[in-house]
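Working notes, structure below.
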Amino acid sequence: MSEIVITADSTCDLSRESIEKNGIRIMPLSVMLGERSFRDGVDIVPADIFKYFDETGKLPKTAAPSTAEYEDFFRSFVEEGKEVIHFNISSQASGSHGFAASAAKSFGDKVRVVDSLALSTGQGLLVLKACDLREEGMDAQQIYDTVMALRGKVNTSFIPDTLLYLYKGGRCSTLSYYGAKVLSIHPMIDMKDGKLYPKKKYIGSMERCIKRYIGDLAAAYPAYDKRRCFVTHSNADASLVELAKGMVKELFDFEEILETVAGSIITSHCGRNTLGVLFISK
């Protein structure tokens, strides 16, 4: 049986520890601050995004690797006799999956590409599930089939502190932005079929909204994969993060609760203090 390597876009937002522990290989997307280009997770951090936005009032631009870059990336593993299972951010959010899928055609059944239909650690959950299945002895096709079937069960949701970044990025109307600002509305943003949409509105402080959000998740998903859960945030206040982790521990029964900080690609679209609880339901 060929060795299986699990790879993913940098948008999976996994910690360095998880990446190194599982031997995951990462393909960074690009972030442009004005005329300067940076590699997500390599030479730019979310603080750079906040600083650029504060100084210019503009959001950075992001770009996916080209088909040629994906071909080079995959080739490095295939030439070593390995099979590749690669995970992309939702094809509804980026062209990354299309480029990766096109590149994979050059390698036949040696490279399998997964449209996660998620982003951030929603994608990361599938990546780590693939690593779990590899440890259990599944072959590449079995792993691919299993994670493809799980995509619709990944809860990818979050609450932004402000809609300003979504508004500036064209993902939120002027009316919604100013209405939320005046009324202290914090919407729960969810993903369905790979697309983001506002699922529920909470009113009040972020603390109050986080409590209601996690309580609603526990009620909506009584059956879930207990292996792991992510509390993922974009440099959120420590008090908010601890509140969320405490509530998840109280209301759920996960084997591990992993805190991760969203990378520069995700941060550039949602802004500081955004927080989400992500897991796989049953």
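The values are calculated or read from the model by the stated rules, or taken from the named source; none is laboratory data. Every value quoted in this text rests on a predicted model; they were computed, and no experiment measured them. Positions of Cβ are backbone-derived with ideal geometry, glycine not excepted, and every protein chain shown enters the neighbour counts. To get the accessible areas, we keep the full protein, side chains included, count just its heavy atoms, and leave off ligands, DNA and RNA. Shrake-Rupley method; radii C 1.70, N 1.55, O 1.52, S 1.80 Å.
Give me the 1.4 Å probe accessible area per residue for the chain, excluding ligands and nucleic acids, in Å².
Result: 46 Å² per residue.
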GluC sites (Glu not before Pro) in region 1-83 lying in a DSSP loop, each with at most 15 other Cβ atoms within 10 Å of its Cβ, come to 3, 35, 79, 80
For the chain, the longest principal axis of the Cα atoms and the Cα long axis of helix 174-183 enclose an angle in degrees, to the nearest 10, of 50
Taking the chain and counting helices only, DSSP H stretches of n ≥ 4 at -39,500 (n - 2.57) each over all residues, the nearest-500 ellipticity at 222 nm comes to -12500 deg cm²/dmol
Nearest 10, in degrees from 0 to 90: the angle of helix 238-251 to the longest Cα principal axis of the chain is 70
Of the accessible area of region 7-79, computed with a 1.4 Å probe and all protein chains kept, carbon and sulfur make up a percent value of 47
Expected vector for region 77-90, Karplus 3J(HN,Hα) from phi with 6.51, -1.76, 1.60 and θ = phi - 60°, integer Hz, x for Gly and Pro, equals 8, 4, 5, 8, x, 9, 9, 10, 10, 10, 10, 10, 4, 3
From the Cα centre of region 181-226 to that of region 1-26, the distance in Å is 29
Taking Cα atoms, the helix 206-220 axis meets the longest principal axis of the chain at an angle in degrees (rounded to 10) of 50
Computed about the Cα centre, the charge dipole of the chain from +1 Lys/Arg and -1 Asp/Glu charges at the Cβ has a magnitude in debye, to the nearest 20, of 1120
Phi angles of region 132-148, converted by Karplus (6.51 cos²θ - 1.76 cosθ + 1.60, θ = phi - 60°) into ³J(HN,Hα) in whole Hz with x for Gly and Pro, give 4, 5, 4, 5, 6, x, 5, 7, 4, 5, 5, 4, 4, 4, 5, 6, 4
